[in-house]
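Peer 1: Below: one structure in structure tokens.
The values are calculated or read from the model by the stated rules, or taken from the named source; none is laboratory data. Keep in mind the model is a prediction, meaning the values are calculated, not measured. Heads up, the Cβs are rebuilt from the backbone with ideal geometry, glycines too, and the neighbour counts pull from every protein chain shown.
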Amino acid sequence: MNGIFFALLGASIATALAGIGSAKGVGGAAQASMGVLSEDSSMFGKMLVLTLLPGTQGLYGFIVGFLVLVNCGVLGGDIPTLAQGLAYFGASLAIGLGGLFSGIAQGKAAVSGIAMSAKDDRNFSKAMVSVTLVEIYALLAFIVSLLVVITVPALKI
């Protein structure tokens, strides 16, 4: 028995869950931005940055999912053993869940930052710092997932 099922399931989970987190985060921030822009269109650049930040989690999930596909025999590489497939699955869970929850949380932080910036444009840098702090946790999940995915083919398990 090989591990292709678990590898493919992991790639799907990484992409789907992180994408859901980003979609929720960006969607909420976009709604808040549209309200601000209806009053002051000169804030477009700043609102765009705050709206886009929760989208990075989906990108991280996509990268991990793509690398799993490259390594597990779908887009290259060798068919994984059962243990390797489970390792891909575990690696994918890290960014899938990390991206899901941090994308939603970052979207909420972005909505608050958008509201704060709308009241006083000088607060934009403070909003950016707060929204970026949430990104750290998405990056940690991404790095762990990435390190495991690139290590799995060398593992003799």
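Peer 1: Enumerate the pairs (first residue in the stretch 2-31 and touching a residue at least 24 places away in the same chain (Cβ under 8 Å) and on the phi > 0 side of the Ramachandran plot; second residue anywhere and surrounded by 23 or more Cβ atoms within 10 Å (Cβ to Cβ) and of a type in the set (Lys, Arg)) with beta-carbon separation below 8 Å, excluding pairs fewer than 6 apart on the same chain, so at least 6 apart or on different chains.
Peer 2: Every condition considered, no pair remains.
Peer 1: In addition: Tell me whether the stretch 36-43 contains one or more residues that are out of contact with any Pro (no Cβ under 7 Å at 6 or more places or on another chain), more than 23 Å from residue 135 (Cα to Cα) and of a type in the set (D, E, K, R).
Peer 2: The answer is yes; a qualifying residue exists.
Peer 1: Within the stretch 110-152, track down each residue that is under 20 Å from the mean Cα position of the chain (by Cα) and crowded, with 24+ Cβ neighbours inside 10 Å.
Peer 2: Residues satisfying the conditions are 110, 113, 131, 138, 141, 142, 145, 149.
Peer 1: Is it the case that some residue within the stretch 126-135 is out of contact with any Cys (no Cβ under 9 Å at 6 or more places or on another chain), closer than 17 Å to residue 61 by Cβ and not charged (D, E, K, R)? Quick ask: steps written out before the conclusion?
Peer 2: Step one: filter the stretch 126-135 for residues out of contact with any Cys (no Cβ under 9 Å at 6 or more places or on another chain), giving 126-135.
Narrowing the set further to residues that are closer than 17 Å to residue 61 by Cβ leaves 134-135.
If we keep only those that are not charged (D, E, K, R) as well, we get 134.
For the stretch 126-135, residues out of contact with any Cys (no Cβ under 9 Å at 6 or more places or on another chain), closer than 17 Å to residue 61 by Cβ and not charged (D, E, K, R): present.
Peer 1: Can you confirm whether residue 79 is in contact (Cβ under 8 Å) with a residue 40 or more places away in the chain and within 14 Å of the chain's Cα centre (by Cα)?
Peer 2: No: the conditions fail for residue 79.
Peer 1: Continuing with the same structure: Between a first residue in the stretch 37-51 that is closer than 19 Å to residue 109 by Cβ and a second residue that is assigned to a helix (DSSP H, G or I) and polar (S, T, N, Q), which pairs have beta carbons less than 8 Å apart while being 6 or more apart in sequence or on different chains?
Peer 2: Note: pairs meeting the criteria are 43/117; 46/117; 47/33; 47/117; 48/33; 50/33; 50/117; 51/33.
Peer 1: Considering only the stretch 25-55, state which residues are of a type in the set (D, E, K, R) and assigned to a helix (DSSP H, G or I).
Peer 2: 39, 46
Peer 1: Residue 72 is checked against (1) surrounded by 18 or more Cβ atoms within 10 Å (Cβ to Cβ); (2) under 17 Å from residue 14 (Cα atoms); (3) at pLDDT 95 or above and fails just one. What number does that condition carry?
Peer 2: (3)
Peer 1: Quick check on residue 82: is it of a type in the set (A, V, I, L, M, F, W, C) and surrounded by fewer than 17 Cβ atoms within 10 Å (Cβ to Cβ)?
Peer 2: yes
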